[in-house]
Amino acid sequence: MNAQDPSRFLADDASSLLDLAPQPAQDEDPCTQQVAQNLQRLRSKRHLSLDALARQCGVSRAMLAQIESGRSVPSIKVLCKIARGLKVSVAAFLENRAFEGVALLTASQSKRLVSANGSFVSRALFPFDVARQSEFYELRLSPLGEEHSTGHGPGVQENLVVAQGVLEISVNEERYLLSPGDSILFYADQPHRYRNPADSEAVAYLVVTHPERLD
């Protein structure tokens, strides 16, 4: 077969044909895609073009475009420069929810949990739609009211401080009486109870910490 014979490019049989069909793309890195989506969201929210953001943060337009399309993984240094330009925390690029580092929650927006008899009210002091590892609540317990819990997941801790009135906290039948300013920390993956032994309302603030982040 001479060098000019075009038949040299033909396969001898079907088994040796080259498969030139597009190959399925490998799974995309979820972290890279998260940064890309959040950058695009934050830039669009501020009505900034790529050129305007490039001038604002000192990162080239080409680099910003590659990050937004998920084709480039930015270094921490680059991400910090973009965050400063957008006036957000670096963590805002890594959240899987729309959180930009500051969330104002008015009293009317707070989610409340009320017991069946109305004696116990728990008000969430954090936005539910943000990934978190801790939760912050305001608790109100009517005079002589009680609230029981069979226990939360393994490793969950509760840290409570009394702001008004008195509260009796029982953890596995061990009782602790708290006055204003007193606090208690305990593993809440065991049965526990809040009881108000007084004839006036009790108010407390509670931080619940989970061993792993909740999405």
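Details
- Alpha-carbon centroids, segment 151-166 and segment 31-87: separation in whole Å: 40
- Fewest-first sequence of LEU50, LEU64 by Cβ atoms within 10 Å of each Cβ: LEU50, LEU64
- Here, P(r) means the percent of Cα pairs in each 10 Å bin from 0 to the largest distance; for segment 107-214 it is 15, 48, 32, 4.
- In sequence order, segment 191-204 has phi-based couplings of x, 8, 9, 10, 9, 9, x, 9, 9, 9, 5, 10, 10, 9 Hz under the Karplus curve 6.51 cos²θ - 1.76 cosθ + 1.60, θ = phi - 60°, and Gly or Pro positions carry x.
- Among the GluC sites (Glu not before Pro) in segment 121-215, those located in a DSSP loop and surrounded by at most 16 other Cβ atoms within 10 Å of their own Cβ are GLU173, GLU201.
- Within segment 123-205, the chymotrypsin sites (Phe, Trp or Tyr not before Pro) that combine a DSSP coil assignment with at most 15 other C-beta atoms in a 10 angstrom radius are PHE128.
- Estimated distance in nm for a label pair at SER60 and VAL102, the labels positioned 7 Å out from Cα along Cα-to-Cβ: 3.3
No lab work stands behind these numbers, since they all come straight from the coordinates. Because the structure is a prediction, the values reported are computed rather than measured. In this analysis, Cβ positions are derived from the backbone assuming ideal geometry, glycine residues included, and neighbour counts consider all displayed protein chains.
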